[in-house]
Amino acid sequence: MNEYPQTTAAVRAVPATTPFVAPEELARRTGRATLVRLGANESAFGPSPLAIAAMQAAVPQTSIYGDPESYELRTALAARHGCAVENIVVGSGIDDLLGLIVRTYCAPGDAIVASRGTYPTLNYHAIGYSATVVPSDPTADGGVEPGALAQCARTVRPKIVYVANPDNPSGTFLDRATIAQLRSALPPDALFVLDEAYADFLTPAELPPDEIDPRWIRLRTFSKGHGMAGARIGYALAIPEAIAAFQKIRLHFGVNRTAQAGALASLDDRAFLRGVVDEVARGRAEYHELGRRLGVRTLPSFTNFVCFEVGTKAQAVAMVAALLERGVFVRKPGEPPIDGFIRVTVGTPAERALFAAAFAGALDDVRERANA
Ligand SMILES: *Cc1c(COP(=O)(O)O)cnc(C)c1O
């Protein structure tokens with residue numbers, strides 16, 4: 001027995017399909033070349049033309065490693081956020097940075113508190129590093145309930161408290177006053193990790209002020225508003241000691257040169273980002289209107305996606321499958337109270353029309369089956 005090298009118990013504890021099954025794999029399984037891709041909250045509006053040009057110009061330099069310090073990009077980001085270069089680390093997206101944070105702050109057995117059903121990547125890293133996630137109760141909309149979260153943190157005394165704001169998959173948002181209150185209600189030795197992947201869809205006045213504080217880390221990405229999910233690039237804002245710790249252990253050349261060039265150019269293209277934000281707002285309004293027309297409740301959203309209430313959890317699972325049969329890829333929240341919803345990314349106007357037609361048809365199927 002076991003006469004060959006064995007993996008660790010921590011790694012064996014990670015489920016095989018984490019975080020989730022990719023749309024490419026779903027397309028292969030359904031025998032389709034492509035799907036209408038509305039399940040991963042990618043931008044339907046592409047990267048900025050300036051970012052594309054900068055990335056194309058960087059491609060011939062692929063034979064050399066990227067700047068491991070991402071210095072130019074960090075300098076531009078520091079100017080944007082009114083902080084020092086030493087307050088910023090660049091990683092391969094927020095998902096990468098979440099792993100670094102767990103590895104840096106949690107020993108095996110340490111606790112992390114997060115709202116039940118929120119964005120799952122932290123949970124996934126926690127399993128891999130043998131930390132424990134303790135869920136707090138969400139609001140009726142599946143959003144973060146700050147009182148319950150703070151209460152849970154005071155009881156559990158975790159190393160990390162994680163909040164995605166705006167939240168995914170609910171799409172809900174806690175305003176800056178609520179975040180300030182929550183921050184002061186947390187135990188002083190808990191690191192407040194604020195995942196602001198959708199920050200670009202809000203104004204700076206709506207977000208908590210740019211402020212470096214030893215008790216929190218803010219996370220941003222070029223994956224959503226900037227439309228660069230495939231380039232894998234994001235950053236964290238924190239005190240220099242935390243950044244220095246991440247710099248020691250992160251994958252040295254994990255962020256490639258092309259991504260750095262694209263992010264730097266995208267940062268300058270404010271007009272492009274404004275256009276994306278406006279089009280996403282139009283798309284959200286269209287989705288809410290579609291819900292009204294079909295008698296399907298939608299959740300208010302501050303992101304590039306909207307949740308539609310289908311019915312029971314089983315019906316929502318059936319809806320995801322029924323849409324996939326029609327060539328449309330969406331996902332659904334996994335936990336109550338919104339596990340009877342599907343989550344749909346705002347697509348281009350053409351994709352929105354395809355979704356509307358597929359959803360109307362699939363809704364009849366799913367409802368008929370429920371009544372059969
Ligand atoms: C999409 C998303 C991420 C992933 O960001 P990357 O920078 O692409 O890794 C992280 N957090 C939330 C809440 C998200 O919705």
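Would you tally the residues in the stretch 168-227 being within 16 Å of the ligand (Cβ to nearest atom) and either touching a residue at least 60 places away in the same chain (Cβ under 8 Å) or assigned to a loop (DSSP other than H, G, I, E, B) (or both)?
The total comes to 27.
Among the residues of the stretch 78-102, which ones are touching a helix residue (DSSP H, G or I) at 6+ places or on another chain (Cβ under 7 Å) and either within 16 Å of the ligand (Cβ to nearest atom) or among the hydrophobic types (A, V, I, L, M, F, W, C) (or both)?
ALA78, ALA84, VAL85, ILE88, VAL89, VAL90, GLY91, ASP95, LEU98, GLY99, LEU100, VAL102
State yes or no: is THR18 at pLDDT 95 or above and surrounded by fewer than 21 Cβ atoms within 10 Å (Cβ to Cβ)?
Details: at pLDDT 95 or above: no; surrounded by fewer than 21 Cβ atoms within 10 Å (Cβ to Cβ): yes.
Spelling it out, it is not the case that THR18 is at pLDDT 95 or above and surrounded by fewer than 21 Cβ atoms within 10 Å (Cβ to Cβ).
Take the conditions closer than 24 Å to VAL161 by Cβ and either more than 11 Å from the ligand (Cβ to nearest atom) or touching an Asp or Glu at 6+ places or on another chain (Cβ under 8 Å) (or both) and apply them to LEU267. Does it pass?
Working: closer than 24 Å to VAL161 by Cβ: no; either more than 11 Å from the ligand (Cβ to nearest atom) or touching an Asp or Glu at 6+ places or on another chain (Cβ under 8 Å) (or both): yes.
Against the criterion (closer than 24 Å to VAL161 by Cβ and either more than 11 Å from the ligand (Cβ to nearest atom) or touching an Asp or Glu at 6+ places or on another chain (Cβ under 8 Å) (or both)), LEU267 does not qualify.
Just to be sure, is TYR287 touching a residue at least 24 places away in the same chain (Cβ under 8 Å) and under 24 Å from GLY91 (Cβ atoms)? Reasoning before the result, please.
Working: touching a residue at least 24 places away in the same chain (Cβ under 8 Å): yes; under 24 Å from GLY91 (Cβ atoms): no.
No; evaluated as a whole, the condition is false for this residue.
Please go through the stretch 124-138 and give me each residue that is of a type outside the set (A, V, I, L, M), farther than 11 Å from LYS159 by Cα and away from the ligand (no atom under 12 Å from the Cβ), ordered by number.
Step one: filter the stretch 124-138 for residues of a type outside the set (A, V, I, L, M), giving 124-125, 128-130, 132, 135-138.
So of that shortlist, the ones also farther than 11 Å from LYS159 by Cα come out as 124-125, 128-130, 135-138.
Across the stretch 124-138, the qualifying residues are GLY128, TYR129, SER130, PRO135, SER136, ASP137, PRO138.
Can you name the number of the only condition in (1) of a type outside the set (A, V, I, L, M); (2) surrounded by fewer than 20 Cβ atoms within 10 Å (Cβ to Cβ); (3) not in a helix (DSSP H, G or I) that ARG293 fails?
Only one criterion in (1) of a type outside the set (A, V, I, L, M); (2) surrounded by fewer than 20 Cβ atoms within 10 Å (Cβ to Cβ); (3) not in a helix (DSSP H, G or I) is unmet by ARG293, namely (3).
Without any contact (Cβ under 8 Å) to a residue 60 or more places away in the chain, surrounded by 21 or more Cβ atoms within 10 Å (Cβ to Cβ), in a loop (DSSP other than H, G, I, E, B) and among the small types (Gly, Ala, Ser): does that describe GLY143?
On the way: without any contact (Cβ under 8 Å) to a residue 60 or more places away in the chain: yes; surrounded by 21 or more Cβ atoms within 10 Å (Cβ to Cβ): yes; in a loop (DSSP other than H, G, I, E, B): yes; among the small types (Gly, Ala, Ser): yes.
Judged against the criteria, GLY143 is a match.
Please specify each residue of the stretch 36-49 satisfying the condition of being surrounded by 13 or more Cβ atoms within 10 Å (Cβ to Cβ) and more than 15 Å from ARG343 (Cβ to Cβ). Walk me through it before giving the result.
Kept after step one, since they are surrounded by 13 or more Cβ atoms within 10 Å (Cβ to Cβ), are these residues of the stretch 36-49: 36-48.
Those that are surrounded by 13 or more Cβ atoms within 10 Å (Cβ to Cβ) and more than 15 Å from ARG343 (Cβ to Cβ): SER43, PHE45, GLY46, PRO47, SER48.
Considering only the stretch 51-82, state which residues are more than 30 Å from PHE246 (Cα to Cα) and touching a Phe, Trp or Tyr at 6+ places or on another chain (Cβ under 7 Å). Outline the logic, then answer.
From the stretch 51-82, those more than 30 Å from PHE246 (Cα to Cα) are 53; that's our starting set.
Listed by number, the list is empty, since nothing qualifies.
Quick one: how many residues across the stretch 78-111 are on the phi > 0 side of the Ramachandran plot and over 21 Å from the mean Cα position of the chain (by Cα)? Before you say what the answer is, go through the steps one by one.
Step one: of the stretch 78-111, the residues on the phi > 0 side of the Ramachandran plot are 82, 93, 109.
Cutting the leftovers down to over 21 Å from the mean Cα position of the chain (by Cα) gives us 82, 109.
So the answer is 2.
If you scan the stretch 25-68, which residues turn out to be within 16 Å of the ligand (Cβ to nearest atom) and among the charged types (D, E, K, R)? Give the steps one after another, and end with the answer.
So in the stretch 25-68, the residues within 16 Å of the ligand (Cβ to nearest atom) come out as 37-47, 51.
Residues satisfying the conditions are ARG37, GLU42.
Tell me the residue from THR258, THR303, THR298 that is buried (at least 19 other Cβ atoms within 10 Å of the Cβ) and within 19 Å of GLY340 (Cβ to Cβ), please.
Working: THR258 fails: within 19 Å of GLY340 (Cβ to Cβ); THR303 fails: within 19 Å of GLY340 (Cβ to Cβ).
Just one listed residue meets the conditions, THR298.
Can you name every residue in the stretch 79-113 that is over 21 Å from PHE192 (Cβ atoms) and part of a helix (DSSP H, G or I)?
ALA79, ARG80, VAL85
Filter the stretch 323-334 down to residues that are of a type in the set (Lys, Arg) and outside any strand (DSSP E or B), then give me how many there are.
Residues of the stretch 323-334 of a type in the set (Lys, Arg): 326, 331-332.
Narrowing the set further to residues that are outside any strand (DSSP E or B) leaves 326, 332.
Counting residues in the stretch 323-334 that are of a type in the set (Lys, Arg) and outside any strand (DSSP E or B) gives 2.
Which count do you get for residues in the stretch 335-372 that are outside any helix (DSSP H, G or I) and modelled with pLDDT under 95? Spell out the reasoning first.
If we filter the stretch 335-372 for residues that are outside any helix (DSSP H, G or I), which is where we start, we get 335-348, 372.
Filter once more, keeping what is modelled with pLDDT under 95: 372.
Count: 1.
Inside the stretch 243-257, can you point out the residues that are under 22 Å from the mean Cα position of the chain (by Cα) and either within 14 Å of the ligand (Cβ to nearest atom) or of a type outside the set (Phe, Trp, Tyr) (or both)?
Taking the stretch 243-257 first, the residues under 22 Å from the mean Cα position of the chain (by Cα) are 243, 246, 250-251, 254-256.
Once the filter is applied, which keeps residues that are under 22 Å from the mean Cα position of the chain (by Cα) and either within 14 Å of the ligand (Cβ to nearest atom) or of a type outside the set (Phe, Trp, Tyr) (or both), the stretch 243-257 yields ILE243, ARG250, LEU251, GLY254, VAL255, ASN256.
The values are calculated or read from the model by the stated rules, or taken from the named source; none is laboratory data. All values derive from a computational prediction rather than experimental measurement. Positions of Cβ are backbone-derived with ideal geometry, glycine not excepted, and every protein chain shown enters the neighbour counts.
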